1. Would you confirm whether or not the range 18-33 contains a residue that is surrounded by 12 or more Cβ atoms within 10 Å (Cβ to Cβ), in a helix (DSSP H, G or I), touching a residue at least 12 places away in the same chain (Cβ under 8 Å) and over 16 Å from the mean Cα position of the chain (by Cα)?
2. Among the hydroxyl-bearing types (Ser, Thr, Tyr), loosely packed, with under 13 Cβ neighbours inside 10 Å and within 30 Å of LEU80 (Cα to Cα): does that describe THR41?
3. Tally time: how many residues in the range 44-85 are within 26 Å of THR8 (Cα to Cα) and not polar (S, T, N, Q)?
4. Determine the pairs where a residue that is surrounded by 10 or more Cβ atoms within 10 Å (Cβ to Cβ), located within the range 46-67, has a partner that is in a loop (DSSP other than H, G, I, E, B) with Cβ atoms under 7 Å apart, the partner being 6 or more residues away or on another chain.
5. Does at least one position in the range 51-58 carry a residue that is modelled with pLDDT of 85 or more and at positive phi?
6. If we scan the range 34-41, do we find a residue that is more than 17 Å from GLY15 (Cα to Cα) and either part of a loop (DSSP other than H, G, I, E, B) or among the aliphatic types (A, V, I, L, M) (or both)?
7. Tell me yes or no: at least one residue of the range 75-85 is modelled with pLDDT of 85 or more, out of contact with any Gly (no Cβ under 7 Å at 6 or more places or on another chain) and within 29 Å of PRO2 (Cα to Cα).
Amino acid sequence: MPIWMLLTVFFALLGLTFLTVFQAQFDLGNMEIVLSLLIATIKAGLVIAFFMHLLWDKPLNAIAILSSLIFVSLFLGFTLMDAQGYNERLIMDPNGDLLERSQPKGSLVKKSE
C-alpha cells in the first residue's frame, strides 16, 4: 500500500477525531448521539477498509463484516428506541435536591395518589 494512501487515511482519521471533540462542545440534544455514532462509524469504516485491508480482501469477508455491522446497528437501534420507556424522570434543582418525580409520557404505570 502506498505511503500517500496511509497518510491520507491517517489525516482523515485525525480530522474526524477533531470533529468529534469539536461537536462535543455543543448541546445538540438527541442529535448528539446520532452525530457521534455517525463519525465513529466513518472512522471504523476507514480503519476496516484500509488498515485491515478489506478493500483488497475476498468479497466474502466484506459480506461477513457488513452483515455483522448491520445486525449490531439493528440491536443498538432497537435498544435506543425502547430506552426512554422505562426511565422515570427526575427533576433536580441546582443544589442536587429532588424537586419532582414523574413518569415518562405514555407510561402505562398508574400514579399513586
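1. No: the range 18-33 contains no residue that is surrounded by 12 or more Cβ atoms within 10 Å (Cβ to Cβ), in a helix (DSSP H, G or I), touching a residue at least 12 places away in the same chain (Cβ under 8 Å) and over 16 Å from the mean Cα position of the chain (by Cα).
2. yes
3. Matching residues across the range 44-85 total 21.
4. Cβ pairs passing all conditions: none.
5. yes
6. yes
7. no
The values are calculated or read from the model by the stated rules, or taken from the named source; none is laboratory data. The model shown is predicted, which means the values in this text are computed figures rather than measured ones. Don't worry about glycine lacking a Cβ; one is built from the backbone with ideal geometry, like all the others, and counts go over all protein chains shown.
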